[in-house]
1. Quick test for you: out of 112, 108, 92, pick the one residue that is within 16 Å of the chain's Cα centre (by Cα), modelled with pLDDT of 95 or more and either open to solvent by 10 Å² or more (accessible area, probe 1.4 Å) or more than 23 Å from residue 169 (Cβ to Cβ) (or both).
2. When only residues in region 23-44 that are among the aliphatic types (A, V, I, L, M) and surrounded by fewer than 18 Cβ atoms within 10 Å (Cβ to Cβ) count, which is nearest to residue 61 (Cα to Cα)?
3. Read through the list (1) more than 14 Å from the chain's Cα centre (by Cα); (2) over 20 Å from residue 151 (Cα atoms), then give the number of the only condition that residue 52 fails.
4. How do the pairs read when you match residues in region 83-101 that are without any contact (Cβ under 8 Å) to a residue 24 or more places away in the chain with residues anywhere that are in a helix (DSSP H, G or I) and among the polar types (S, T, N, Q), using Cβ under 8 Å and keeping only pairs 6 or more apart or on different chains?
5. So how many residues does region 1-15 have that are touching an Asp or Glu at 6+ places or on another chain (Cβ under 6 Å) and at pLDDT 55 or above?
6. Residues 131, 180: which one is out of contact with any strand residue (DSSP E or B) (no Cβ under 7 Å at 6 or more places or on another chain), at pLDDT 95 or above, crowded, with 17+ Cβ neighbours inside 10 Å and of a type in the set (Phe, Trp, Tyr)?
Amino acid sequence: MAQLDAASFSRTALAAFPKSLHLAAAEAATTLKPFVDDGYRIQTLQAIMAGQRLRIPKRIHFSNLDINEQAVPMDVECAACCLLTRATDGFVRQKALGQILARNEPWVVPYVMLLSGEYVVEIAADMVAAFPALDRGAYANFIRENRPLMRLLRAKASSYWNCYYRTSFPDRRAFPNLVFLNQVELWAS
């Protein structure tokens with residue numbers, strides 16, 4: 001397992017955002033690096049944003065991070081929160097999502113969308129509740145550019161419903177992850 005030093009975490013953060021955000025991504029990486037578990041190997045998922053290929057971490061393991069502390073400067077808070085949505089801790093992901101959901105910057109969309117294919121139903125419920133605040137155009141554009149990723153997210157959400165939530169949501173159309181995916185797909189059609 002490769003060690004994650006400050007330079008490699010910075011490269012990971014830069015690759016996760018469009019080029020126009022590299023300064024904010026670098027500052028977010030500098031802010032978060034003291035909390036990144038150096039022994040955790042970061043794998044990435046690919047997404048397209050406005051024609052640019054992004055490599056977003058599947059998961060990042062943070063140690064000794066208290067997301068309730070104001071440790072993140074305001075100018076890089078959004079980029080840092082995007083990276084925090086990739087945390088191994090679901091509570092950290094949910095708290096970070098709450099900070100970016102109402103933001104209308106298109107580069108936030110991939111981080112929200114990736115959460116739709118995960119198993120924490122409470123996070124998906126927060127996403128569904130945020131529908132009125134979401135930028136429909138930004139989500140529609142992202143979906144059109146990322147059809148293979150959307151198929152993967154739908155397959156993962158369906159699998160989690162089938163394995164863990166079938167009894168809680170007998171009608172899979174009511175499963176929050178699939179409610180979210182169905183709605184944003186409708187925006188893209």
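The values are calculated or read from the model by the stated rules, or taken from the named source; none is laboratory data. In this text, all values refer to a predicted model and were calculated from it rather than measured experimentally. Note that we place each Cβ from the backbone using ideal geometry, even for glycine, and neighbour counts take in every protein chain shown. Remember, those area values only see protein heavy atoms, side chains included, never the ligands or the DNA or RNA. Shrake-Rupley method; radii C 1.70, N 1.55, O 1.52, S 1.80 Å.
1. Selected residue: 108, the only one of 112, 108, 92 that is within 16 Å of the chain's Cα centre (by Cα), modelled with pLDDT of 95 or more and either open to solvent by 10 Å² or more (accessible area, probe 1.4 Å) or more than 23 Å from residue 169 (Cβ to Cβ) (or both).
2. The extreme case among them is 26.
3. Condition (2) is where residue 52 drops out.
4. Once the first residue is without any contact (Cβ under 8 Å) to a residue 24 or more places away in the chain and sits in region 83-101, no partner that is in a helix (DSSP H, G or I) and among the polar types (S, T, N, Q) comes close enough.
5. 0
6. 180
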